[in-house]
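The values are calculated or read from the model by the stated rules, or taken from the named source; none is laboratory data. The structure displayed is predicted, hence computed values, not measured ones. Cβ sites come from the backbone with ideal geometry, for glycine too, and all protein chains shown count toward neighbours.
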Amino acid sequence: MKNVLERIGFMWIYICTALLVGIVFGSQIMRRFYQTKAIGSLRVDRSIPDEKPYLFLEIGRGNIERLAKEEFVVLKVKNENYLTQK
């Protein structure tokens, strides 16, 4: 009986390890997939601290047609301030 319980315990360890490895690899694959699908960037400008941030959509020249055809798009987010703060 003890041997059977040990086997079941080891089986759960193998299952949990395989699940964890699958989640890590899957998340890395999806991350790379979405990085290659990005058609442009959304720039967040917080140059003026008293106001809400300004948002700018920056799209490459060849991606405008793709933008018009797609229902959903992927954008990279850039946090850049173009005005210097005093």
*Check segment 26-34 and report whether any residue there is in contact with a strand residue (DSSP E or B) (Cβ under 8 Å, 6 or more places away or on another chain), modelled with pLDDT under 90 and either loosely packed, with under 11 Cβ neighbours inside 10 Å or of a type in the set (Ser, Thr, Tyr) (or both).*
yes
_So Lys52 passes all but one of these: (1) over 15 Å from the mean Cα position of the chain (by Cα); (2) part of a strand (DSSP E or B); (3) of a type in the set (Lys, Arg). Which condition number does it fail?_
(2)
*Could you give every pair whose Cβ atoms fall below 6 Å, whose first residue belongs to segment 41-70 and is within 14 Å of Asn81 (Cα to Cα), and whose second residue is basic (Lys, Arg) and surrounded by 12 or more Cβ atoms within 10 Å (Cβ to Cβ), counting only separations of at least 6 or pairs across chains?*
Arg43/Lys78; Pro53/Arg46; Phe56/Arg43
*Which numbered condition Glu71 misses (of (1) assigned to a loop (DSSP other than H, G, I, E, B); (2) exposed (fewer than 10 other Cβ atoms within 10 Å of the Cβ); (3) over 22 Å from the mean Cα position of the chain (by Cα))*: (3)
*Only one of these conditions is not met by Arg43: (1) out of contact with any Ser or Thr (no Cβ under 9 Å at 6 or more places or on another chain); (2) modelled with pLDDT of 90 or more; (3) exposed (fewer than 12 other Cβ atoms within 10 Å of the Cβ). Which number is it?*
(3)
*Hits in segment 56-81 - residues which are within 8 Å of Ser41 (Cα to Cα) and touching a helix residue (DSSP H, G or I) at 6+ places or on another chain (Cβ under 7 Å)*: Ile59
*May I ask you to verify whether Leu5 is modelled with pLDDT under 85, in a helix (DSSP H, G or I) and surrounded by fewer than 10 Cβ atoms within 10 Å (Cβ to Cβ)?*
yes
